[in-house]
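Undergrad: Below are the structure tokens for one structure; questions will follow.
Any read-out appearing in this document is the output of simple, stated calculations on the displayed coordinates, not a laboratory observation. Note that the structure is a prediction, hence the values are computed from the model and not measured. Ideal geometry is used to build each Cβ from the backbone, glycine not excepted, and the neighbour counts take in all protein chains shown.
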């Protein structure tokens with residue numbers, strides 16, 4: 001990871017950038033501070049000082065701190081969906097699509113501060129209107145995972161389950177990565193993203209030899225085989 005990636009505020013002050021690029025640098029720096037110190041503990045004065053501009057100059061780019069946080073969430077969702085555009089989700093079983101989506105979601109969290117913002121920042125301190133907007137953005141993730149799980153149940157690649165609960169469980173596990181991941185740790189970003197996606201979808205995969213007793217699924221003595229294509 002480059003120095004600018006560790007210190008995004010440098011891209012604001014050491015380069016001659018256009019307005020959009022400087023706005024992006026403000027967002028990247030704010031995301032870094034929000035993750036390091038928390039939204040409530042981060043002030044616009046600190047943000048301006050890190051960027052080496054005056055606090056009033058920030059208002060050229062954003063109306064207030066709340067708008068900056070909402071835009072960080074937007075950028076995080078965009079980073080996830082941008083990676084998905086490069087993925088292969090137009091074919092395959094529902095299970096394969098769930099795995100691809102979870103891998104991309106995890107990759108966004110370990111690759112970008114914006115991705116970690118989606119996973120880690122608390123929206124409870126926002127105004128009601130901003131909170132609704134942020135939660136609508138977050139629901140796009142849960143909704144997409146749920147949609148693929150429902151497809152998997154329909155095509156037989158995923159066992160019978162509650163798609164809503166399964167989507168919440170999968171997204172929660174991926175979000176947890178943001179609490180412990182460090183770029184200088186022993187695991188690569190790719191191995192974390194792939195490993196989590198495989199572990200989580202293994203639990204969703206349909207097991208052969210399931211019988212229902214008293215309304216509860218139990219695994220029969222027959223050998224469990226994975227439905228995922230290799």
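Undergrad: Sort 194, 93 by Cβ crowding within 10 Å, fewest neighbours at the top.
TA: Numbers: 194 16, 93 21.
By the 10 Å Cβ count, ascending: 194, 93.
Undergrad: Moving on. Between residue 37 and residue 164, what FRET efficiency comes out of the Förster formula 1/(1 + (r/R0)^6) with R0 = 30 Å and r the beta carbon distance, rounded to 0.05?
TA: Numbers: r = 34 Å, r/R0 = 1.13.
Computed FRET efficiency for residue 164 and residue 37 comes out at 0.35.
Undergrad: Points 7 angstrom from Cα along the Cβ direction at residue 191 and residue 78: gap in nanometres?
TA: Computed distance between label sites residue 191 and residue 78 equals 3.3 nm.
Undergrad: Next question. Assuming 0.36 nm per residue, please report the length gained on full extension of the stretch residue 52 to residue 125 beyond their Cα-Cα distance. Walk me through the numbers on the way to the answer.
TA: Details: separation 73, 0.36 × 73 = 26.28 nm, distance 2.70 nm.
Going from the current span to full extension adds 23.6 nm.
Undergrad: Just the projected area, averaged over all directions, of the convex hull on the alpha carbon atoms of region 60-163: how many nm²? Don't jump to the answer; show the numbers that get you there.
TA: On the way: hull surface 30.5 nm².
Taking a quarter of the hull surface, the average projection is 7.6 nm².
Undergrad: While we're here: Work out how much length residue 142 to residue 64 would gain on full extension: take 0.36 nm times their residue separation and subtract the Cα-Cα distance, in nm to one decimal. Walk me through the numbers before you get to the answer.
TA: Numbers: separation 78, 0.36 × 78 = 28.08 nm, distance 2.84 nm.
Difference between extended and current length: 25.2 nm.
Undergrad: Under a crude label model (7 Å from the Cα following the beta-carbon direction), how far is residue 150 from residue 90 in nanometres?
TA: 2.3 nm
Undergrad: I would also like to ask the following. Of 24, 190, how do they rank once you tally other Cβ atoms within 10 Å and put the fewest first?
TA: By the 10 Å Cβ count, ascending, the order reads 190, 24.
Undergrad: Now for a separate question. Among 48-58, 30-40, what's the highest-first ranking by average C-beta atoms within 10 angstrom per residue? Before the final figure, lay out the partial values.
TA: Details: 48-58: 15.4, 30-40: 18.7.
Packing proxy ranking, top to bottom: 30-40, 48-58.
Undergrad: Next up: What ranking do 77, 145 get, fewest neighbouring Cβ atoms within 10 angstrom at the top?
TA: Working: 77 21, 145 25.
Fewest-to-most ranking of 77, 145: 77, 145.
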